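The values are calculated or read from the model by the stated rules, or taken from the named source; none is laboratory data. Note that the structure is a prediction, hence the values are computed from the model and not measured. Neighbour counts run over all protein chains shown; Cβ positions are idealised from the backbone, glycine included. Accessible surface areas use protein heavy atoms only, side chains included; no ligands, DNA or RNA. Shrake-Rupley method; radii C 1.70, N 1.55, O 1.52, S 1.80 Å.
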Amino acid sequence: MKKFDIKSLIAGMIIGTLGITTVFAATEIRSASLSDANLMLNGAPLSLNKSLILVTMDDEQTASLYAPAIELLETLGYTVHYDSVTNVVNVVTGTGSFKESASNGNTASESSVVMNLTNHAGQRNIAESGSFQAEDNQILTLTVTSDIKGGAVDLFLFDPNGNEQRITIGSADITKEIPLEKGIWQYNCSGMFKDGGNVTIVGTIK
C-alpha cells in the first residue's frame with residue numbers, strides 16, 4: 001500500500017481555500033489548522049463563509065494566518081477569474097464598490113459588478129468560470145452584448161444549493177434580472193462561434 005503523506009493533504013486544504021486545485025510541493029508545511037479569528041474591515045465585521053487558516057512552515061517558529069482569497073476579494077467588490085489551463089488567478093479591479101453600513105456595523109456591497117466575461121480578441125470561443133457572494137433579496141442584472149455567429153454561448157448559474165439556471169446566448173443583446181438568495185453563487189460560461197463575432201457578459205448585483 002502506498003504511504004499517504006499528511007502534508008500533501010494539508011497543502012490541498014490550503015489551496016482549496018483559494019479556489020485553486022493545483023497540487024504543489026508541500027514539504028515546507030509543518031502544520032495547518034482552522035482559525036476562529038474574526039475578520040474586520042475599518043473596524044466593522046466582515047463575514048466570510050470559509051474559515052481563516054493558521055499555517056506553520058518548517059523554517060518558521062510562528063504561524064501565518066491565511067484567508068480564502070477568492071471569497072475575500074469578491075466580498076470587497078473585485079471580480080476574480082481562475083484559469084486552470086494557465087494556472088493564473090486574475091483579479092479585476094475597479095469593477096465594484098464596497099461600503100460600511102453605519103446603522104448596524106455590517107458590511108455590504110452596493111452596485112457591484114460580480115461578473116465581467118468576454119472572449120479574447122480574435123478568439124471564437126469563451127470559457128470562463130467564477131463565483132460571487134450574494135445577500136437575500138439582491139438582484140443579479142445580466143447585460144449581454146453579442147454579435148456572435150455560427151454557434152452559441154451557454155451561461156450556467158448555480159445557486160447556493162447547487163440548483164442550475166441555463167442561459168443560452170446567441171447573436172443578440174439581452175438583459176436579464178435574476179433574484180438572489182444569500183450565499184455563494186457559482187457560474188460557468190462556455191461556447192464556440194465558428195463564424196466570428198464577440199460576446200460580453202456583465203453581471204451586477206444590487
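Apply 1/(1 + (r/R0)^6) to the Cβ-Cβ distance of residue 168 and residue 69, taking R0 = 45 Å, and write down the FRET efficiency to the nearest 0.05. Kindly include the intermediate steps, with their values, before the conclusion.
Numbers: r = 32 Å, r/R0 = 0.71.
Result of the calculation: an efficiency of 0.90.
So what does residue 75 come to for accessible area, using a 1.4 Å probe and Å² rounded to 10?
Surface accessible to solvent at residue 75 totals approximately 20 Å².
Using a 1.4 angstrom probe on the protein heavy atoms only, could you order 136, 36, 159 from most to least accessible area?
In descending accessible area the options line up as 36, 136, 159.
Fully extended, how many nm does the chain gain between residue 47 and residue 123 (0.36 nm per residue separation, minus their Cα-Cα distance)? If you can, show how the numbers build up before the last one.
Details: separation 76, 0.36 × 76 = 27.36 nm, distance 3.88 nm.
Between residue 47 and residue 123, full extension yields an extra 23.5 nm.
Out of the range 155-188, which GluC sites (Glu not before Pro) are coil in DSSP terms and have no more than 16 other C-beta atoms within 10 Å?
181
Can you tell me how much longer the chain between residue 135 and residue 59 gets when fully stretched, taken as 0.36 nm per residue apart minus their C-alpha distance, in nm with one decimal?
23.2 nm
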